[in-house]
């Protein structure tokens, strides 16, 4: 009888599998980024292309657009696995489900959250954000998309098996991620105005720690209910 | 004590007890609210700063306190239902959510009407106000999630997980006036000496009245939930036919 694989190996196997599957359907994976780019293009058209005005709303626009873009992707987090039964196998595998769900969410974040962070400097520049603020904008989105993925993962797990769950996922996720939006947009705004964004960034980091440590428990409980 | 608890959790026993207590709760709630309203709107002196406008306090504060109290009840009941698989606990959570949502809506609406003459605006994106609004969204999300399952057991358990997640919002609402520079004033009701007795007793009457009103409505709704969940049980047919 072979020894049971260690937790890290199991986690990395889940992570690698999800990434491989996502890259095979890369058209789906790039949708959030396309969505973010398009929403960000709408604002100069709707408001005015004047740089000063755009700079005033840039932090909010960028954050709200990133939030909505990552909500779109949440639907794919557990849907396919639930339909083909592999989620059931994960639940039955005997490995701690909370641990496995951390890696599933991380894989999801790598596919849908990280690209948003990577294109954010381009979007921010198109909204007349000064180059000095780009690092803070990226950092705030890096922490923020993490919070979104974990909290949204809980909502996605709860709505497993619900018909037309897309709207419901957003309704459940948005109230819980509003604090992240407040601190993230505040950090980006402070940086754009040339001030230190240390405070809100630390609070955002605290939110990330909180959601990484608590959300997997909720996801595991919800997945167990979902596959019953 | 535990036998009492187990007895109460059995649907036939609860159905009977609830039927007996609903009139008592309703009358007590009605009398307390009537006394509180008379004391608050007629007897209490006008506020030295806010004038007569402060009287909306007598509806606003009890609704706001109840909005959080009902959520706490709902989340605790949901947790009990998840952990001990107690059917009646899930029913308590399910019956509480709409009541709590209305208390929250009431607190937001009265606060908004209060804010217009006092702050000069209907709404500000302030910590206390936003977190209370988030509470309303949590209630609505809970109701939405619950209604989207056909299977009652899955609806119970999935919405219970959501109720437990959402409890992180309660301390944020409560301490929002302490942690942040809020335009919303701090608690005067619970600070000793911050309010004269003539102003305070009607508020406490209203609070007790609102709490009893919640109890009465909760029991009415719970009886409905019990009927829905036990509709094929023999005891229910006996009770209803009698």
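Since every read-out is calculated from the coordinates, none of them should be taken as a lab result. In this text, all values refer to a predicted model and were calculated from it rather than measured experimentally. Every residue, glycine among them, receives a Cβ derived from its backbone with ideal geometry; neighbour counts consider all protein chains shown.
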Kindly list, by first and then second residue, each pair from a residue in region B:50-66 that is under 16 Å from residue B:212 (Cα atoms) to a residue that is outside any helix (DSSP H, G or I), limited to pairs with Cβ atoms under 7 Å and residues at least 6 apart or on different chains.
B:61/B:189
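Each row is one residue, and each column tells you yes or no for (1) farther than 19 Å from residue B:172 by Cβ; (2) facing chain B (nearest Cβ under 10 Å); (3) without any contact (Cβ under 8 Å) to a residue 12 or more places away in the chain; (4) in contact with a strand residue (DSSP E or B) (Cβ under 9 Å, 6 or more places away or on another chain).
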residue	(1), (2), (3), (4)
A:156	yes, no, no, no
A:162	yes, yes, yes, no
A:165	yes, yes, no, no
A:175	no, yes, yes, no
A:183	no, no, no, no
A:195	yes, no, yes, no
A:202	no, no, yes, no
A:209	no, no, yes, no
So for region A:146-154 (the condition being within 14 Å of chain B (Cβ to nearest Cβ), closer than 30 Å to residue B:160 by Cβ, crowded, with 23+ Cβ neighbours inside 10 Å and free of Cβ contacts under 8 Å to residues at least 60 places away in the same chain), does at least one residue qualify?
no
Against the definition (assigned to a helix (DSSP H, G or I) and without any contact (Cβ under 8 Å) to a residue 40 or more places away in the chain), how does residue B:113 come out, yes or no?
no
Please tell me if residue A:225 is within 8 Å of another protein chain (Cβ to nearest Cβ) and out of contact with any strand residue (DSSP E or B) (no Cβ under 8 Å at 6 or more places or on another chain).
yes
Might you let me know whether region B:188-200 holds any residue that is assigned to a helix (DSSP H, G or I), in contact (Cβ under 8 Å) with a residue 40 or more places away in the chain, surrounded by 15 or more Cβ atoms within 10 Å (Cβ to Cβ) and more than 11 Å from chain A (Cβ to nearest Cβ)?
yes
Go through region B:136-158 and give me each residue that's buried (at least 19 other Cβ atoms within 10 Å of the Cβ), assigned to a helix (DSSP H, G or I) and facing another protein chain (nearest Cβ under 8 Å).
B:137, B:138, B:141, B:145, B:157, B:158
For the subset of region B:2-38 comprising residues that are more than 18 Å from residue B:217 (Cα to Cα) and within 20 Å of the chain's Cα centre (by Cα), which member is surrounded by the fewest Cβ atoms within 10 Å (Cβ to Cβ)?
B:37
